[in-house]
Amino acid sequence: MVEAKICNECHKELLLESFYKLASGKYGVSAKCKECLRHKSEIYRKSDKGSAKKKEYRESENGKAKIKEYSHSAKVREYQQSEKYKDMQAKRSQDPIVKARARELEQTPQRKATRKKYRQSDKYKTDDKKRRETPEWKAKRRAYYQSDKGQACRKSDKHKNTSKKYSQSPHYKAYQKKYYQSPEGKATIKARQQSEEGKAKYKEYRNTEKAKNSYKEYRKTDKFKNRERVYTQTPEFKAAKKIYRQTDGYKESQRKYGQSEKGRARTKRNNNKVNDTPSNAMYHRMRLGIYNSLKGKKDGRHWEDLVPYNLQDLMKHLEKQFVDGMSWDNYGKWHIDHLVPRIMFQFTDNTDLDFQRCWALSNLQPLWKTDNLHKSAKIIKPFQPSLGLELKPAIIQMNPHLL
């Protein structure tokens, strides 16, 4: 059996394995070897005639269908996973001619339209999302932006305009919100805020007109009002507020505000609001009186929750004791007087027995302003300090008969 044959092109004696199979040929193989046929085919493809014919075939319907079918075949996918294909692609990517041709091809209208259509497809969005979540992509992106080329790109006007446009898109805002709510995002924000650079940038930003206008608009939103209402009821806020109000800075700011035109206008407006009706005036006097008697430990509680009566009960009790000339219209010419002065009682909280005795209805009466000022802290009815109170020097001086 014949095992070799001479090629009609290169005239070399080669094994039959070096020839393509051909039933009509001598020994069942072609007359020319594989190598010669490949070389001849490559020369033809590079010629004008071969290139034109190849382009014509690729643009035909039959050619497009064949190319699409072949490109999705298992044979091609298997070949693309091979080391041979990867090495070939790596070498091609470094070829200047291939790079120039690729850049030229990317700028063609047809390629741009194809790429834009693909990026709007669901397939691209799904694949891109999976790709961006891989550690390899994140590491590659981080390394690029830390490089000199990446830093120069980020400083360019094109990058800034693109970033500004993207930052206003719904996709970016949704992604940013999701990231900042994640543990990783919260840790990043906290570290940035605690760093010296972050503090300096935040301080610089707060003094800009943009920040002031933005915060001013934000304070008008329902979101801010709801958050503020919830936060102001927390124990942490109340404790911080109490400490802040004892500082010299707060007292100085309050003094300046009270002397300003805005502060005087607000004081006048509040006074008019308090004194516009007798019930409002009465309510304000009771609130202020109980607040002062507890030495500021009212803690935001309603004064009607601290005593066993409400405003209507108080007004009825006082009205029963009106003398000639007293009415709700001339409230201010007469005062609410304690039969037993407040200074006689000792209490620190509304739960103390002395507090309830001091502010009981039976210890309150209407009294003309001049009479009340003349009476001051004197006791005008018998009083037995049954609680073992330590009498204060001021009480002893005004009531020597108690000794």
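The values are calculated or read from the model by the stated rules, or taken from the named source; none is laboratory data. Predicted model, so just to flag it, every value in this text is computed and none were measured. With ideal geometry, Cβ positions are generated from the backbone for all residues, glycine too; neighbour counts draw on all protein chains shown.
Values computed for the structure shown
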read-out: All positions within the range 94-110 that are surrounded by 10 or more Cβ atoms within 10 Å (Cβ to Cβ) and either part of a helix (DSSP H, G or I) or basic (K, R) (or both); value: V98, K99, A100, R101, A102, E104, L105, E106
read-out: One residue from H317, H302, H338, H284 being within 21 Å of K378 (Cα to Cα) and either in the same structural domain as S376 (by TED's automatic domain parsing) or modelled with pLDDT of 80 or more (or both); value: H338
read-out: Scope the range 28-84; condition surrounded by fewer than 11 Cβ atoms within 10 Å (Cβ to Cβ) and touching a Leu at 6+ places or on another chain (Cβ under 7 Å); matching residues; value: none
read-out: Residue list for the range 317-366, restricted to those being within 16 Å of L306 (Cα to Cα) and among the acidic types (D, E); value: D349, D352, D354
